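Peer 1: Structure incoming, see below.
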Amino acid sequence: RTRLEDLKLVLKRTQDQRNCILAAIAKSLPIWSIKITKMKAIYHTLNYFNIDVTSKCLIGEGWVPTLDLELVQQTIANGSATAGSTSSFLTILQTKKSPPSYYRTNKFTRGFQTLINAYGMASYREVNPALYTCITFPFLFAVMFGDLGHGFIMFLIGFWMVIDEKRLLRVKGGEIWRIMFGGRYIIMLLGLFSMYTGFTYNDTFSKSFNVFGSKWRINYNTTTVLTNDVLILNPSTDTIGTYPWGMDPIWQLADNKIIFYNSYKMKLSIIFGVLHMIFGVCLSVENMVYFKKYAYILLEFVPQVLFLILLFGYMAFMMFYKWVQYSPTTDYEPNQPACAPSVLIYFINMILFKASPKLAGCDMYMFSSQVTVERVFWIVALFCIPWMLIGKPIYIQCVRAFEKRGRREEYVEKIDIQEGDIVIEATLTDPVPHAHHEDEDDEEEEPISEIWIHQGIHTIEYVLSTISHTASYLRLWALSLAHAELSYVLWLMVMQKGLHFGGYPGAIGVYIIFWAWALLTIAIMIFMEGLSAFLHTLRLHWVEFMSKFYSGTGYPFEPFSFTAIFEASEED
């Protein structure tokens, strides 16, 4: 019994000692894990180094941003001094390898740069579309999401995440939360721009504000107004001017509101789309100038921008000209105010070389020389197609032939060796005129046949995509109209029903119905419609805009970083 008691005492003391040791280890375990992770990362990186001939030092090659060279050199010197080891030094090497791409971003621009990098990392020193996306992305989104009330709610959500970002940075949320919080400045701008377009559309939860006073007047007597459900207002006689900004609020009461908004938003979407694509084509000039491909400006940019402007730029011009030239009071004959022609019919007839139909009492064309101008534009646009097709391959052939002749003259020379009266002529040639160094990343020359094939595909793709991309911008009109009508249906079928109740039960019913309407508005109009408009805007930038100048074939600069290593381990 005494021995058993002694064994129990020994086991208890052993267990207590083990618990004390494990408790002490538990306190140090996170620190040890961090140290081990850092040591593994350091040794893993050191494995990429090479050992010099004397086996006394390690040589590593890597990329360093030019602006940070002094910082890196100072850091290496400080590390060597702290360790008390052999001093390390940094040497700049000349190489023809393509460097990685690195963009310095801040809290505001990081979200937009992430959207661009999701398409593909830019090649080194290529034009970065993220700078322009900071404005074009929220604007095109707002064209589809134009509602002052919905935009204000979205702006408040983004503004809350921006103001309280220090506290929210410590919140451990899921992947969806991290994506939303990372794009908090994008959300705030989307809401701000949507408020602007909503004010222009004069649309707030499907209702309008009479801010500047409607410019329409009813010229009917009281009996006519009270006995007729529908009244027709003539814009040539029942208006006293133009609404100062955006839409006149009376259009919310009109039966032909959808027809009017259809025409207005459809034309706006085409105009914005053509301007956006022309801007994208113009950005390609910056790439050509920086990479010193000046000939490509004449062989690619000029025919591309001419083809785009002479066809779809001309169509956008005709829309503006129609708005300026025609008005409700344009009368070519008495009682004939509807002489405004269809721009689409003009454009189709221009392509088919057909004469436009003449309306009774109206001129056949908008201006006298319209037929001549349209035929010249169409012929020049057709000439741009073979210009794009054969210009670049012929230029590359000529450049290669010139370079080949230049290399032959460079590596072949005659040397006269004179011995007494005998003259010996010898010809020396470089045995390997195209030798590559090991540190170079030069690619073999592409065969000229493949260049012709690629240029043919590129030409066909550009010509067809010019048409399809212009039509693709009609999604601005379609989603804007759908957003406005869905908001109207929510108000008509939910909120307006509650406003018809009376008495105390009606007050309770309005309270309940309001929260149901608010929940549906936030869930459907803000999140679902907002996500739809966001994805369509992303598509317009990736495909219609960036395809005009952006290759996205580079690779990112990924410096050694303990923070990135720990974030990756946490995600795993």
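The values are calculated or read from the model by the stated rules, or taken from the named source; none is laboratory data. Computed from a predicted model, the values in this text were never measured in an experiment. Every residue, glycine among them, receives a Cβ derived from its backbone with ideal geometry; neighbour counts consider all protein chains shown. Heavy atoms of the whole protein, side chains included, go into the accessibility calculation; ligands, DNA and RNA do not. Shrake-Rupley method; radii C 1.70, N 1.55, O 1.52, S 1.80 Å.
Peer 1: Can you flag which of 292/322; 38/166; 267/497; 322/392 are past 32 Å Cα-Cα?
Peer 2: Among 292/322; 38/166; 267/497; 322/392, the Cα-Cα distance tops 32 Å for 292/322; 267/497; 322/392.
Peer 1: By residue number, which cysteines of the chain lack any other Cys whose Cβ falls under 4.7 Å from their Cβ?
Peer 2: 20, 57, 134, 282, 384, 398 - these cysteines have no disulfide-compatible partner (Cβ-Cβ under 4.7 Å) in the chain.
Peer 1: Which cross-chain or sequence-distant (5 or more) residues have an amide H under 5 Å from the amide H of residue 101, H modelled 1.01 Å from N in plane?
Peer 2: Residues meeting the criterion, in which the H sits 1.01 Å from N, are 555, 557.
Peer 1: Here's a follow-up. Given only helices, namely DSSP H runs of n ≥ 4 each adding -39500 (n - 2.57), what is the per-residue ellipticity at 222 nm of the chain, to the nearest 500 deg cm²/dmol?
Peer 2: -19000 deg cm²/dmol
Peer 1: Report D for the range 1-144 in µm² per second (integer): Stokes-Einstein, Kirkwood Rh on Cα pairs, 25 °C, 0.890 mPa s.
Peer 2: Roughly 112 µm²/s, to the nearest whole number.
Peer 1: Could you sort 283-290, 165-172 so that the peptide with the highest average Cβ count within 10 Å comes first and the rest follow in order?
Peer 2: So the peptides 283-290, 165-172, ranked by packing, come out 283-290, 165-172.
Peer 1: Residues with beta-carbon under 14 Å from that of residue 467, excluding residue 467: net charge, scoring Lys, Arg +1 and Asp, Glu -1?
Peer 2: Its environment carries a net charge of -2.
Peer 1: Subtract the Cα-Cα distance of residue 508 and residue 496 from 0.36 nm times their separation in residues, and report this length gain in nm to one decimal.
Peer 2: Full extension from residue 508 to residue 496 adds 2.9 nm.
Peer 1: How would 20, 282 rank on accessible area, largest to smallest, probe 1.4 Å?
Peer 2: Largest to smallest exposure gives the sequence 20, 282.
Peer 1: At 0.36 nm per residue, minus the direct Cα-Cα distance, what do residue 71 and residue 532 gain on full extension? Give it in nm, one decimal, please.
Peer 2: Working it through step by step, the gained length comes to 161.5 nm.
Peer 1: Can you give me the pair-distance distribution of the range 43-125, C-alpha pairs, 10 Å bins, whole percents?
Peer 2: 13, 33, 31, 19, 5
Peer 1: How much length would be gained if the chain were fully extended between residue 324 and residue 481, taking 0.36 nm per residue of separation minus their Cα-Cα distance, in nm to one decimal?
Peer 2: Roughly 54.0 nm would be gained on extension.
Peer 1: Take the alpha carbon atoms of the range 289-307, find their center, do the same for the range 341-356, and report the distance between the two centers in whole angstrom.
Peer 2: 31 Å
Peer 1: Just the C-alpha atoms of the range 241-390: what Rg/Rh do they give, with Rh taken as the Kirkwood radius?
Peer 2: 1.07
Peer 1: Tell me the accessible surface of residue 555 in square angstrom (1.4 angstrom probe, heavy atoms of protein chains only), to the nearest ten.
Peer 2: 100 Å²
Peer 1: What ranking, highest mean first, results for peptides 373-381, 230-238 when packing means the other Cβ atoms within 10 Å averaged over each residue?
Peer 2: Highest-to-lowest ranking by the protection proxy: 373-381, 230-238.
Peer 1: Next up: Separation between the residue 168 and residue 279 pseudo-spin-labels, each 7 Å from Cα along Cα→Cβ, expressed in nm?
Peer 2: 2.7 nm
Peer 1: With all protein chains present, how much of the accessible area of the chain (probe radius 1.4 Å) comes from carbon and sulfur, to the nearest whole percent?
Peer 2: Using a 1.4 Å probe with all protein chains present, the chain comes out at 64 percent carbon and sulfur.
Peer 1: Next question, about the same structure. Given the convex hull of the Cα atoms of the chain, what is a quarter of its surface area in nm²?
Peer 2: Here the figure is 55.5 nm², rounded to one decimal.
Peer 1: Can you send over the solvent-accessible area of residue 565, 1.4 Å probe, protein chains only, in Å² to the nearest 10?
Peer 2: Counting only protein heavy atoms, residue 565 exposes about 50 Å² to solvent.
Peer 1: Given a 1.4 angstrom probe, what's the average accessible area per residue across the range 1-139, in square angstrom?
Peer 2: With the other protein chains kept in place, the range 1-139 gives 79 Å² per residue.
Peer 1: For the chain, what is the charge dipole size about the Cα centre, in debye to the nearest 20, if Lys and Arg each add +1 at the Cβ and Asp and Glu each add -1 at the Cβ?
Peer 2: It comes to approximately 2740 debye.
Peer 1: Let me ask you something else. Determine, from the Cβ-Cβ distance of residue 358 and residue 233 and an R0 of 22 Å, the FRET efficiency 1/(1 + (r/R0)^6), rounded to the nearest 0.05.
Peer 2: E(calc), rounded to 0.05, equals 0.15.
Peer 1: Show me 347-354, 131-138, 544-551 ranked by packing, highest mean number of other Cβ atoms within 10 Å first.
Peer 2: Sorting 347-354, 131-138, 544-551 by mean packing, highest first, produces 544-551, 131-138, 347-354.
Peer 1: Just to be sure I understand the rule: take each whole DSSP H helix in the chain, project its Cα atoms onto its long axis, keep it if the span is 30 Å or more and its mean Kyte-Doolittle hydropathy is at least 1.0. Which ones pass?
Peer 2: Helix filter hits for the chain: 257-290.
Peer 1: Return the distance in nm (one decimal) between the two label points of a simple spin-label model at residue 118 and residue 217, each offset 7 Å from Cα along Cα→Cβ.
Peer 2: 5.3 nm
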